[in-house]
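J.: One structure, as structure tokens, below. Some questions next.
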Amino acid sequence: MTTALAPNLQNAALWWRILVILAAGATGPVAAQQPTGTLVVTVRGADSASLGGAFVRSDRIGGIANDSGQARIDLPARFVAVVVTHPGYQPARFEITILPAVTQRYELVLEPVSGRPSDAIIHATRAGRTALVEPMATRLLSTDDLTIRTMAHPTDLSRLFGGRSSILLQNQTGALDGTGFKLNGVRSQYTGLQVDGLPLLGAQPGSFGLLQLSSIEFDQVEVISGAATTLASSGAAAGLVNLVSRRPDRDRVRLGVNQSSEKGGDLLLWASRRKSASLSASLFADLHQQRLVDSDDDGWGEFPRAIRLSVRPRVYVDRPNGDGFMVTVGAMSEDRTGGFLRTNAGTDLYREERRANRFDGGMTARRGLGNRGTVALKLAGVSQSVRSAFDEVLERDRRTTLFSELTYHNDFGLLDLVAGVGYLRETLRQRDFSGFDFTHKVPTIFATVTKVLSERVSGTLAGRCDYHNIHGPQCLPRIDLLFRPGPRFEIRGHGAAGYNPATPLADNTETLGFHATIPGNAKAEKTLSSGIDLQWRGARLTVGGSFGYTRIQFPIRSVPFVGDSAFRLRLINVAEPTRVAAAELRVGYQHDAVRVEGFLGLIGASEGVPGESTRRRADLTPRQTFGGLIQWQAPAAAGTTVSLDAMVVGSQAVSDNPFIATSKAFGVVNGLVSQRSNRARLYLSAENLLDVRLADYHSVFLGAPAVGGRRTPAPWAPLRGRVISLGALVDW
């Protein structure tokens, strides 16, 4: 027993030493006493109004502006750099020589946050750079975009990226409408999902994570294509989506109400309170209900019944010397039911139920070290219990995630360094079926170096080494380059490696159930990705394009277990790799109140046939997608918004469908009209105006169970038809 424990004790001691070195290395010798002077900074907004509560900081010495916008700080008599910040305004920096025993005054005007994507801070990279100078190509949704999407579909995040060919929605097999995002044509199981850089949905959000969040809670969404395992320990083998919560810049409340034509409704709340310049808090809560609705009178419910209640408070502390932290806890309870209605006269009334309860907590903290950089700490814990019923079969399990990360960041002029250590622990305990329990322990060390090579060229080199207790050491690099041939033209390229640890939740196990799967041992999946992103910005016209290639080695797929009378599946590594090449062309035009966008996407994807050495066209991956958006936003005084977007999805291979082998192309059109009236913004939204449904092409229910006990074919078209919603967002 002593021999078995020795390696674990040695590993633990090693990681603690690294943590101590990182923390201790940030502290240097105490500076000798030297003469000081006084600096009085007056901070105003662009409208000349005084900005009380603004932070004025130099090194680790800071002050808070009073109601007149003045902050007084005593600084050492030398040449110093001063940073001024205020919520809702762009940070400003100036340099000044402090004279001993002299009071000096400086006036500064802060510009409001522009809302332009190029000025947004990218949080997922941990370096705090703006999108304009970040070498890593990042697609952004801003506050205004999220407000539009909240009105268009407040229920969940399934329509978060409507009208983008590089980010497609993927419906999972099953009666409960499980959903995920496909980045550049790669299956959704390879896309990581974080909230404020924390795995608050668990290390593997699965097929229902997107359905348990609302866009009203967030201020920005960041999408990084290509293997992003260097940024996240698990689940980001082909890309990462990071949701950034709204900061409480002032006292405010936003209340959302929504009622749909298909017996669904939402009640949403986001409120913030600034107790002082240093202490603030926010509260998010939502109640969603959807009745089981059969919209085409065939007895099968296209709209699963759902009742969800969630709440999440956040507390923020920000100090003028650069220190701060955020603490959050969350609770979510959801009950989903799908399948045949009880009123159906048939004899086979197949139904599925899923009840999930999730509790989580997280913290991010930072300590400024002045000219010696910043130390940041992240902690998160998630516990989720799931009770599923597949007709008469009951499944119960509990999933937990523990996460910690300590990083050090410093900017050495033309070179920027982020380095740190972390630990991830993920467990699954299945109560009703044996052989699926697992515990993954992943200590990790990582570093990112960004170098400005010239005025036009900069690059980032990142590396991460995980020591997985099952899959062993995994060392993964990523390189990103940014080249600016001109002031309006940007070219970004990347090459990266990633991996995806094998778990019993891989592929479609979650939607088919553990009872339909035979336990097995599979190897971790390996990914290699490369890509290029081009962007040209004019005064009114924007043109962009991208190309990405992803290769997945040892892809995990579920295949029938030969000779099993229950038609169960087993998870295996397919010998042939999956290859996906995706290209996209984007054009945007904006002038005054009019915004027009268009896109064209092409995807070529092939995968190995499980159990064979042959290849086939990748399943549920359209070769072509194209569409556009037309939006008109009247001046703020009028407060009118009209938006119409359309998307055409090309044919797809559907290998496990008994009705067809190749799907037909279809189009989806969505619309939104909103009008501001005092504090309220009233809206009318229409989803799937053409009423395109999978049931229009073939049955959505299989008369007899297929392999894995499957009772529904894989959906390649919308399961839901036209939905008209009426609602309001009220701000005060």
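The values are calculated or read from the model by the stated rules, or taken from the named source; none is laboratory data. Predicted model, so just to flag it, every value in this text is computed and none were measured. Counting neighbours? That spans all protein chains shown, and the Cβs are built from the backbone with ideal geometry, glycine included. What goes into the accessible areas is simple: the full protein's heavy atoms, side chains included, and nothing from ligands, DNA or RNA. Shrake-Rupley method; radii C 1.70, N 1.55, O 1.52, S 1.80 Å.
J.: Where does each of TRP632, TRP732 land when they are ordered by accessible area, with a 1.4 Å probe and the largest first?
T.: Numbers: TRP632 110, TRP732 130 Å².
Listed by decreasing accessible area, they come as TRP732, TRP632.
J.: Let me ask another. Cα convex hull of region 324-376: how many Å³ per residue?
T.: For region 324-376, the hull spanned by Cα atoms encloses 91 Å³ per residue.
J.: So what's the angle, to the nearest 10 degrees on a 0 to 90 scale, between helix 143-152 and the longest Cα principal axis of the chain?
T.: That helix lies at roughly 30 degrees to the long axis.
J.: I would also like to ask the following. Using the charge dipole of the chain (Lys, Arg: +1 at Cβ; Asp, Glu: -1 at Cβ; taken about the Cα centre), state which of ILE724, THR450, LEU210 has its Cα farthest towards the positive end.
T.: THR450
J.: If you don't mind, there's one more thing I want to ask. With a cut-off of at most 16 other beta carbons within 10 Å, and DSSP calling the residue loop, which trypsin sites (Lys or Arg not before Pro) in region 249-300 qualify? Please list them.
T.: When the trypsin sites (Lys or Arg not before Pro) of region 249-300 are filtered for loop state and at most 16 Cβ neighbours within 10 Å, ARG250, LYS263, LYS275, ARG291 remain.
J.: How high is the relative contact order of region 183-326? Use alpha-carbon pairs under 8 Å, at least six apart in sequence, and give a whole percent.
T.: RCO, region 183-326: 17 percent.
J.: No solvent, one uniform scatterer per C-alpha: report log10 I(q)/I(0) for region 564-604 via the Debye equation at q = 0.17, 0.32 1/Å, two decimals.
T.: Debye output, listed in q order: -0.71, -1.05.
J.: Right, next: If you build the Cα gyration tensor of region 280-336 and take the root of 5 times each eigenvalue, what three semi-axes come out, in whole angstrom, biggest first? Walk me through the numbers before you get to the answer.
T.: Numbers: eigenvalues 346, 16, 11 Å².
The three semi-axes for region 280-336 are 42, 9, 7 Å.
J.: Any chance you could give the angle, 0 to 90 degrees and rounded to 10, that helix 2-25 forms with the longest Cα principal axis of the chain?
T.: So the helix axis and the longest Cα principal axis differ by about 40 degrees.
J.: Within the P(r) computed for region 220-292, what percentage of the Cα pairs occupies the region above 21 Å?
T.: Values: 1450 of 2628 pairs.
Summing the P(r) tail past 21 Å for region 220-292 gives 55 percent.
J.: Filter the trypsin sites (Lys or Arg not before Pro) in region 519-558 to those in DSSP coil with at most 14 other Cβ atoms within 10 Å of their Cβ, and list the result.
T.: Details: sites: LYS523, LYS526, ARG537, ARG540, ARG551, ARG557; in loops: LYS523, ARG540.
Passing both the DSSP loop test and the Cβ count: ARG540.
J.: Cα gyration tensor of the chain, axes a ≥ b ≥ c as square roots of the eigenvalues: rounded (a/c below 1.5), prolate (a/b > b/c) or oblate?
T.: It is prolate, given that a/c is not under 1.5 and a/b is the larger ratio.
J.: Separate question: Aspartates and glutamates near LYS441 by alpha-carbon distance under 12 Å, same-chain residues fewer than 8 away left out - which ones?
T.: GLU426, ASP466
J.: In whole percent, what relative contact order does the chain give with Cα contacts below 8 Å and a gap of six or more residues? Write down the numbers at each step before the final one.
T.: Values: 2037 pairs, mean separation 70.9, N = 732.
Here the relative contact order equals 10 percent.
J.: Here's another thing I want to ask about it. In whole Å, largest first, what are the principal axis extents of the Cα atoms in region 627-732?
T.: Principal axes ranked by extent give 58, 26, 18 Å for the Cα atoms.
J.: By what distance, in whole Å, do the Cα atoms of region 202-329 stretch along each of the three principal axes, largest value first?
T.: Over region 202-329, Cα extents along the principal axes are 64, 38, 20 Å.
J.: In Å³ and rounded to a whole number, note down the convex hull volume per residue for the Cα atoms of region 316-428.
T.: Dividing the Cα hull volume of region 316-428 by its residue count gives 143 Å³.
J.: Could you give the length gained by full extension between ALA365 and VAL594, i.e. 0.36 nm per residue of separation minus their alpha carbon distance, to one decimal place?
T.: 78.3 nm
J.: Quick one: Cα centre-to-centre distance for region 197-270 and region 520-547, in angstrom?
T.: Taking the Cα centre of region 520-547 as reference, the centre of region 197-270 is 21 Å away.
J.: So if we plug the beta-carbon distance of GLU95 and VAL311 into 1/(1 + (r/R0)^6) with R0 = 56 Å, what FRET efficiency do we get, rounded to 0.05?
T.: 0.80
J.: Checking the table LYS182/LYS523; LYS275/LYS451; LYS378/LYS451; LYS182/LYS664; LYS275/LYS378 against a 30 Å threshold on Cα-Cα, which pairs fail?
T.: Pairs exceeding the cut-off: LYS275/LYS451.
J.: May I ask you to work out the translational diffusion coefficient for region 81-224 at 25 °C, viscosity 0.890 mPa s, via Stokes-Einstein with Rh from the Kirkwood sum over Cα pairs, reported in whole µm²/s?
T.: In µm²/s, the coefficient rounds to 137.
J.: For region 571-618 and region 479-515, what is the separation of their C-alpha centers, rounded to whole Å?
T.: Going from one Cα centre to the other spans 13 Å.
J.: How large a share of the accessible area of the chain, in percent, is made up of carbon and sulfur atoms when the probe is 1.4 Å and the other protein chains stay in place?
T.: Details: 18350 of 31390 Å².
Carbon and sulfur together cover 58 percent of it.
J.: Hey, how many Å between the Cα centroid of region 648-678 and the Cα centroid of region 396-467?
T.: 36 Å
J.: Right, another one. For region 565-661, what relative contact order do you get, as a whole percent, if you take Cα pairs closer than 8 Å and at least 6 residues apart? Don't jump to the answer; show the numbers that get you there.
T.: Details: 180 pairs, mean separation 22.3, N = 97.
Contact order relative to length: 23 percent.
J.: Probe of 1.4 angstrom, ligands and nucleic acids ignored: what's the accessible area per residue over the chain, in square angstrom?
T.: So the chain comes to 43 Å² accessible per residue, rounded to a whole number.
J.: Continuing with the same structure: Going from most exposed to least, what order do VAL393, VAL241 have by accessible area with a 1.4 Å probe?
T.: If we order VAL393, VAL241 from most to least accessible, we get VAL393, VAL241.
J.: Taking every eigenvalue of the Cα gyration tensor of region 74-166, multiplying by 5 and rooting it, what semi-axes result, largest first, whole Å? Could the numbers behind the result be given before it?
T.: Numbers: eigenvalues 319, 46, 18 Å².
Working through the eigenvalues yields semi-axes of 40, 15, 10 Å.
J.: Just the C-alpha atoms of region 432-496: what Rg/Rh do they give, with Rh taken as the Kirkwood radius?
T.: 1.28
J.: Reported to two decimal places, what Rg/Rh ratio describes region 435-581 when computed on Cα atoms with Rh from the Kirkwood expression? Each step should come with its number before you reach the end.
T.: Values: Rg = 20.7 Å, Rh = 18.4 Å.
Across region 435-581, the Cα-based Rg/Rh ratio is 1.12.
J.: Please go through region 334-426 and write out the GluC sites (Glu not before Pro) that DSSP classes as loop and that have at most 15 other C-beta atoms within 10 Å.
T.: GLU392
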